[in-house]
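Input: a single structure, listed below in structure tokens.
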Amino acid sequence: MSSFESSLPRRSVLRRRNNISSAIQSFLDGVVIIASAWFLGRFHGGTLTSEYLAMMLLLLGSLAISFDHLGIYRSNRSFTVRAFNLFKAWSLSFLLLIFIGFAFKQSELFSRPLIAQLYLSGLSLTTFLHYIFYRLRKSGFVDSEALDNVIVVGQGELAGYLSMKIRGNPWLGQKVIGSVSLGPEARSSEKLAFDGEEIPLLGSVSQIVEILTNHDVRVAYIVTPLENSQVLNDLYFTLLDHNISIHWVPDIFSLRLVNHGVDEVAGIPVLTLSETPLTGTRLLWKSIEDLVISSVILVLVSPLLLIISMAIKLDSPGPVIFRQMRAGWNGRNFSICKFRSMYVSEQKNDTVIQASRDDPRVTRVGAFLRRTSLDELPQLINVLRGEMSLVGPRPHAIQHDAEYSMRIAQYFARYHIKPGITGLAQVRGLRGETGQIDQMIQRIESDIEYINNWSVWLDFTILLRTLLAFSGKQAY
């Protein structure tokens, strides 16, 4: 083992700061869930069978994963947001139980009224419990005199945002008393502000020792853009000598981040600036979602597919299915399937021309299919093949990819996830012809927003919105 390897920490450098309140809250949540199941079991059948006990273990495990994934015990946002996250966690957990029950043909063993009552009572009781904790937190339970004095070293929006978030979170036990400029001299223009609130400017880093002494500082947050990272070394040792708790916040948000996060490799902290969200169990969840829902939809719409195929054949000569090469996940090309909506003609110089309003190339049946988006239904086959997803950025023609990637810097970031039949951009009305570059930029912004916030719940929401917005002015 090298001397460098021996200097690395034996434990992970990534930590979660759990407090007593969160531990008590999670314990009480478990008690409420178990008590609800026991009471309902006694009410319906007098006892809980081994099947119900197995179901309870699955439910507790699924809820624990969902609560952790949604950050319910780590969130300091409003009660409305927490209540909605609780609803999502309970709904996803019960959807998983229902799926497992049908997949293993065990659903008949369980009372449907009991399952429904367990869902409603568990969700209601845990939401009420979290509301009580929320009110306790808002009641001034923390003694403001016991708060640690905090300084924020740095300038810019991120430093201002961080300052206001610390101020608005009494459970951190910290009080921001002011900011410190990274420059040799403090200027009034460097005073931190966010949403109309200002933080006092205490001085510059050249005065750091005096600031620490005069203001009894216990905690420092250092917010540095990439070009100012060289100030860290001297500042770090100065703060360390004064027994200050030091937190470094590298300002990476001037970059176009795609599914960013913090990870570790062999105990070394790693900042991920760009990565697909479909890794590990998240890829598994997305694949299950696509496989189950697309299979069900295909079975339900199979008569409609036959009718559309016959209508296309009767309306104009040519194949029923139109195929075109598109770029997919990680830039891999695939052949997309759509119902043919245009007359068959030779493509000149491999030029792909977007369909426009009143386009003469569109057939009578094709106009209806485009207006109702029914021409996209054969892409369910692409979903079953794993080439596409039900929800994701719409794949563009390869020629258009080449064209727009030269004009939009972050264009190819949209391929960090599987392309979809529908997507966030589409339910926002950003579909159809993109005659101006601003229209495509808006679409790309929505695609990257979807990647950064991907979840199974977000997919369900977009699918529901698609049912309401599958036709419209931009569909032609």
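Listed values, structure above:
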{"read-out": "Ordering of 115-127, 295-307, 372-384 by packing [mean C-beta count within 10 Å, highest first]", "value": "372-384, 115-127, 295-307"}
{"read-out": "Per principal axis, descending, Cα span of the stretch 150-193 in whole Å", "value": "34, 16, 12"}
{"read-out": "For the stretch 144-254, convex hull of alpha carbons as volume per residue, Å³", "value": "101"}
{"read-out": "Ratio of Rg to Rh over the stretch 165-314 (Cα coordinates, Kirkwood Rh, two decimals)", "value": "1.28"}
{"read-out": "Amide H contacts of GLY328 (H built 1.01 Å from N, under 5 Å, at least 5 apart or other chain)", "value": "ASN333, PHE334"}
{"read-out": "Estimated distance in nm for a label pair at TYR161 and LEU384, the labels positioned 7 Å out from Cα along Cα-to-Cβ", "value": "4.4"}
{"read-out": "Separation of the SER50 and ARG465 label points, Cα + 7 Å toward Cβ, nm", "value": "4.7"}
{"read-out": "Over the stretch 20-138, volume per residue of the alpha carbon convex hull, in Å³", "value": "94"}
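Laboratory data are not the source of any read-out in this text; all were calculated from the coordinates shown. Everything numeric here is computed off the predicted structure, so don't read it as measured data. Don't worry about glycine lacking a Cβ; one is built from the backbone with ideal geometry, like all the others, and counts go over all protein chains shown.
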